[in-house]
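Input: a single structure, listed below in structure tokens.
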Amino acid sequence: MPIEKTPEGTYGTKMPGGKFLARLLEPLAKRQIDSYRKTGGNSRMFRMMKRPIVLVTTKGARSDLERTVTLNGFADGEDAWLVVAPNSGAATHPAWFLNMVDHPDDIWLEVGSRKMKVSGDSLTGREREEAYALVTNVVKQYAGYVKKTDREIPVVRLTRLSG
């Protein structure tokens, strides 16, 4: 199923500092992305996180500019990865997910030193529930996000097209 925007919630976690904090942390996020690309995701910083990290590049929903974020990415077979859009349990979807919804043909995934064009599919029903359970087995923190919001947290399967 193509990437679909599910309804936003009526309650959820409020991000401390909001957009001000996000702008303040932007240089740190850029350093993290640069470090990932230089080391193929093998820097000490990423190893310390003890969770699978990938880079996802999308086209901005409003800006049409390229946007790259670091996400937890979970292998799902040979040529597919799962990414989850909890936004820390907020009532709203993260920007990178909305970018995927608006520009489904402009998604790139970097896993280690491999960069590939991918297609995204929203998981629904039982398939989504099983995938979310697998993710929470790897990163326990994800189990708490569903308790913080009434929004259905999207799970997206990214499947390699080329690269």
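Measuring from centroid to centroid over Cα atoms, what is the spacing of the range 84-155 and the range 1-79 in Å? Answer, in whole Å: 11. Among the protein heavy atoms of the range 22-159, carbon and sulfur supply 51% of the accessible surface, probe 1.4 Å, non-protein parts ignored.
State, as an integer percentage, the relative contact order of the chain based on alpha-carbon contacts under 8 Å between residues 6 or more apart.
Here the relative contact order equals 33 percent.
Accessible surface calculations at 1.4 Å, restricted to protein heavy atoms, place the chain at 58 Å² per residue.
Hey, of [x] 15.1, 41; [y] 15.3, 47; [z] 16.0, 46, which did the structure itself give for Rg and Dmax of the Cα atoms in Å when calculated? Only one listed value fits the structure, namely [x]. The phi torsions of the range 22-35, fed into the Karplus equation with coefficients 6.51, -1.76 and 1.60 and a -60° offset, translate into couplings of 4, 5, 5, 8, 3, x, 5, 4, 5, 4, 4, 5, 4, 4 Hz, rounded to whole numbers, with Gly and Pro shown as x.
Positive-end ranking of Gly41, Leu65, Gly12 along the dipole of the chain, with charges on Cβ about the Cα centre, is headed by Gly41. Pairs of Lys residues in the chain that lie 8 or more places apart, or on two chains, and have C-alpha atoms under 15 angstrom apart add up to 7.
The values are calculated or read from the model by the stated rules, or taken from the named source; none is laboratory data. A quick note: this is a predicted structure, and the numbers were derived from the prediction, not measured. As a convention, Cβ positions derive from the backbone with ideal geometry for all residues, glycine included, and neighbour counts pool all protein chains shown. Side chains included, ligands, DNA and RNA excluded: accessible areas come from the protein's heavy atoms. Shrake-Rupley method; radii C 1.70, N 1.55, O 1.52, S 1.80 Å.
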